[in-house]
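What follows is a short report on a single structure.
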Amino acid sequence: MSSPLAFPAAVLAVAVAALLSLAVGTRAVPPSAVLDALLHGGGSPDALVVRSLRLPRTEVGLAAGAALGTAGAALQAVTRNPLADPGILGLSQGAAAGVVLAIALGLGHGFGGYVWYAFAGAVVAACLVYGIAARGRGGASPVKLALAGTALSAMTAGGTTVVLTSSSATLDQFRFWQVGALSGRDAGTVVRMLPFLVGGAVLVLACARGLDALALGDETAWALGHRVAVVRGCAALGATLLTAAAVAAAGPIAFVGLAVPHLARRLLRRGGYGAVLPLSALLGAALLTAADVAGRVVRAPAEVPAGVMTALVGVPVLVLLVRRRGAVS
């Protein structure tokens, strides 16, 4: 696929995934009834299902998928690691620690009560990783960021496990968030995510030209007039905001932030991060929403969480991408 067709195809994929998300489920709703419910409202059973249950779920899927795709592309550029994902800065484990703390201390009830603690945990983890990596000679280099993130993730996971194994009540509540799912989200979820999504997207997109320069190496980026530390810090902060909002809203969704940037680069063939970042957002939105739809179908009337579906489908696809020459270039 050539570059001119990449964006129209991605927009079409988002539209199809969103329509299927609104129409498919235990109660099948015809596309005409979906459009009627969105445009004209109404009090029919189909309209209530679409507007009250599936529309918030679809909105969260689109927003979280777009955030994870964009964050993954930015972090792969920041770390110059083609296998980096939003969890590389310890964001997922930080968010998990925030949720566990909230449950254990009785500070929140339900998703609406946990989302802010998850977000705070992810942001604190990213700040600690960047602070550790920035110490010493060379500042926050890609290798130091990856090592600091891995170390902090392991330490945080250990502390989280201690709390969970000592409290069965906390474990019972935490496991529903940990699996990664879109069900049960209300209409205010995306509203709560929006400030962080917009802020993160603005920061990351503002660094697009700097990320192109970083791909050539730090010395080349300096020679081209870019302040390497500023570019890397701003892009990492933007990716942190995006990932933290997505993880807080939908749980630790695997694969999306890791593989979507590779697919975006393959579809574009040419073009810098000014094109890769928005295309990754579109593809991430389509992928996560489609995974949620597939989870409703494979074991109907039961559901498989979206986080499980992305892992099951994504791992073999990623292995194929990595094995093919040029997939991670």
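The values are calculated or read from the model by the stated rules, or taken from the named source; none is laboratory data. Not measured: the values here are computed from a predicted model. So basically every Cβ, Gly included, is an ideal-geometry build from the backbone, and we count neighbours across all protein chains shown. Surface areas here come from the heavy atoms of the whole protein model, side chains and all, with no ligands, DNA or RNA. Shrake-Rupley method; radii C 1.70, N 1.55, O 1.52, S 1.80 Å.
What do you reckon, is Val24 touching a residue at least 60 places away in the same chain (Cβ under 8 Å), in contact with a helix residue (DSSP H, G or I) (Cβ under 7 Å, 6 or more places away or on another chain) and over 30 Å from Lys144 (Cα atoms)?
Considered against the rule, which asks whether it is touching a residue at least 60 places away in the same chain (Cβ under 8 Å), in contact with a helix residue (DSSP H, G or I) (Cβ under 7 Å, 6 or more places away or on another chain) and over 30 Å from Lys144 (Cα atoms), Val24 comes out as yes.
Out of the stretch 20-52, which residues are in a helix (DSSP H, G or I) and surrounded by fewer than 17 Cβ atoms within 10 Å (Cβ to Cβ)? Quick ask: steps written out before the conclusion?
So the first thing to find is which residues in the stretch 20-52 are in a helix (DSSP H, G or I), and the list is 20-23, 31-40, 45-52.
Those that are in a helix (DSSP H, G or I) and surrounded by fewer than 17 Cβ atoms within 10 Å (Cβ to Cβ): Pro31, Ser32, Leu35, Leu38, Leu39, His40, Pro45, Leu48, Ser52.
When you scan the stretch 266-275, how many residues do you find that are assigned to a helix (DSSP H, G or I) and surrounded by fewer than 24 Cβ atoms within 10 Å (Cβ to Cβ)?
Kept after step one, since they are assigned to a helix (DSSP H, G or I), are these residues of the stretch 266-275: 266-268, 273-275.
From the residues that got through so far, the ones that are surrounded by fewer than 24 Cβ atoms within 10 Å (Cβ to Cβ) too are 266-268, 274-275.
The number of residues fulfilling the criteria is 5.
Out of all the residues in the stretch 174-196, which are among the polar types (S, T, N, Q) and buried (at least 21 other Cβ atoms within 10 Å of the Cβ)? Please lay out each step first, then the result.
First, the residues of the stretch 174-196 that are among the polar types (S, T, N, Q): 178, 183, 189.
Matches in the stretch 174-196: Thr189 only.
Identify, please: which residue in the stretch 112-133 is open to solvent by less than 20 Å² (accessible area, probe 1.4 Å) and aliphatic (A, V, I, L, M) and is, among those, modelled with the lowest pLDDT?
By that ranking, first place goes to Val115.
Has the stretch 209-227 got at least one residue that is open to solvent by 60 Å² or more (accessible area, probe 1.4 Å) and under 26 Å from Leu12 (Cα atoms)? Working first, answer last.
We begin by selecting, within the stretch 209-227, every residue open to solvent by 60 Å² or more (accessible area, probe 1.4 Å); these are 209, 215-216, 219, 222-225, 227.
This time we only want the ones that are under 26 Å from Leu12 (Cα atoms), so: none.
Looking for residues that are open to solvent by 60 Å² or more (accessible area, probe 1.4 Å) and under 26 Å from Leu12 (Cα atoms), one finds none in the stretch 209-227, hence no.
Is the stretch 238-245 home to any residue that is among the aliphatic types (A, V, I, L, M), farther than 25 Å from Gly149 by Cβ and open to solvent by less than 20 Å² (accessible area, probe 1.4 Å)?
At the first step, the residues of the stretch 238-245 found to be among the aliphatic types (A, V, I, L, M) are 239, 241-242, 244-245.
So of that shortlist, the ones also farther than 25 Å from Gly149 by Cβ come out as none.
Checking the stretch 238-245: not a single residue is among the aliphatic types (A, V, I, L, M), farther than 25 Å from Gly149 by Cβ and open to solvent by less than 20 Å² (accessible area, probe 1.4 Å).
Check Ala73, Ala84 and return the single one that is of a type outside the set (Val, Ile, Thr), open to solvent by less than 40 Å² (accessible area, probe 1.4 Å), within 25 Å of Met309 (Cβ to Cβ) and not in a helix (DSSP H, G or I).
On the way: Ala73 fails: not in a helix (DSSP H, G or I).
None of the other options fit; the residue is Ala84.
What number of residues within the stretch 134-150 are assigned to a helix (DSSP H, G or I), open to solvent by less than 60 Å² (accessible area, probe 1.4 Å) and under 25 Å from Phe255 (Cα atoms)?
Applying the first criterion (assigned to a helix (DSSP H, G or I)) to the stretch 134-150 yields 134, 142-150.
Filter again for open to solvent by less than 60 Å² (accessible area, probe 1.4 Å), leaving 134, 142, 144-146, 148-149.
From what's left, under 25 Å from Phe255 (Cα atoms): 142, 144-146, 148-149.
Count: 6.
Answer yes or no: is there a residue in the stretch 56-65 that is crowded, with 18+ Cβ neighbours inside 10 Å, part of a helix (DSSP H, G or I) and modelled with pLDDT under 85. Spell out the reasoning first.
Step one: filter the stretch 56-65 for residues crowded, with 18+ Cβ neighbours inside 10 Å, giving 56-65.
From what's left, part of a helix (DSSP H, G or I): 56-65.
Of the ones still in play, those that are also modelled with pLDDT under 85 are none.
Within the stretch 56-65 (the criterion being crowded, with 18+ Cβ neighbours inside 10 Å, part of a helix (DSSP H, G or I) and modelled with pLDDT under 85), the answer is no, since none of the residues qualifies.
Every residue in the stretch 88-111 that is at pLDDT below 80, surrounded by fewer than 24 Cβ atoms within 10 Å (Cβ to Cβ) and not in a loop (DSSP other than H, G, I, E, B), please.
Matches in the stretch 88-111: Gly110, Phe111.
Kindly indicate which of Gly188, Gly238, Gly199, Gly225 is modelled with pLDDT under 85 and more than 24 Å from Arg296 (Cβ to Cβ).
Working: Gly188 fails: more than 24 Å from Arg296 (Cβ to Cβ); Gly238 fails: modelled with pLDDT under 85; Gly199 fails: modelled with pLDDT under 85.
Result: Gly225 is the single residue among Gly188, Gly238, Gly199, Gly225 that is modelled with pLDDT under 85 and more than 24 Å from Arg296 (Cβ to Cβ).
Those residues that are free of Cβ contacts under 8 Å to residues at least 60 places away in the same chain and not in a helix (DSSP H, G or I), I need them from the stretch 153-180; list them, please.
Ser166
Kindly indicate which of Leu258, Leu288, Leu263 is under 21 Å from Pro8 (Cα atoms), part of a helix (DSSP H, G or I) and either in contact with a Cys (Cβ under 9 Å, 6 or more places away or on another chain) or in contact (Cβ under 8 Å) with a residue 60 or more places away in the chain (or both).
Sole residue among the options that is under 21 Å from Pro8 (Cα atoms), part of a helix (DSSP H, G or I) and either in contact with a Cys (Cβ under 9 Å, 6 or more places away or on another chain) or in contact (Cβ under 8 Å) with a residue 60 or more places away in the chain (or both): Leu288.
Show the residue pairs that are 6+ apart or on different chains and have beta-carbon atoms under 8 Å apart, the first residue being within the stretch 187-204 and farther than 15 Å from Leu68 by Cα and β-branched (Val, Ile, Thr), the second being open to solvent by less than 30 Å² (accessible area, probe 1.4 Å) and at pLDDT 90 or above.
Taking only residues 6 or more apart or on different chains, the pairs are Thr189/Pro56; Thr189/Val60.
Would you check if there is a residue in the stretch 232-244 being of a type in the set (Lys, Arg), part of a helix (DSSP H, G or I) and within 20 Å of Val143 (Cβ to Cβ)?
Filtering the stretch 232-244 down to residues of a type in the set (Lys, Arg) leaves 232.
Then drop every residue that is not part of a helix (DSSP H, G or I), which leaves 232.
The next check asks that each one be within 20 Å of Val143 (Cβ to Cβ); those that pass are 232.
So far as the stretch 232-244 goes, yes, one or more of its residues are of a type in the set (Lys, Arg), part of a helix (DSSP H, G or I) and within 20 Å of Val143 (Cβ to Cβ).
Which condition breaks for Leu287 when tested against (1) modelled with pLDDT of 85 or more; (2) within 18 Å of Thr70 (Cβ to Cβ); (3) open to solvent by less than 20 Å² (accessible area, probe 1.4 Å)?
It fails just one condition, (3).
Which residue, of Val204, Val162, Val179, is modelled with pLDDT under 85 and among the β-branched types (Val, Ile, Thr)?
Numbers: Val204 fails: modelled with pLDDT under 85; Val162 fails: modelled with pLDDT under 85.
Being modelled with pLDDT under 85 and among the β-branched types (Val, Ile, Thr) holds for just one of Val204, Val162, Val179, which is Val179.
Being open to solvent by 20 Å² or more (accessible area, probe 1.4 Å), of a type outside the set (A, V, I, L, M, F, W, C) and modelled with pLDDT of 90 or more is true for just one of Pro252, Pro278, Pro261, Pro301. Which residue is that?
Working: Pro252 fails: modelled with pLDDT of 90 or more; Pro261 fails: open to solvent by 20 Å² or more (accessible area, probe 1.4 Å); Pro301 fails: modelled with pLDDT of 90 or more.
Step by step, each of Pro252, Pro278, Pro261, Pro301 is checked, and only Pro278 is open to solvent by 20 Å² or more (accessible area, probe 1.4 Å), of a type outside the set (A, V, I, L, M, F, W, C) and modelled with pLDDT of 90 or more.
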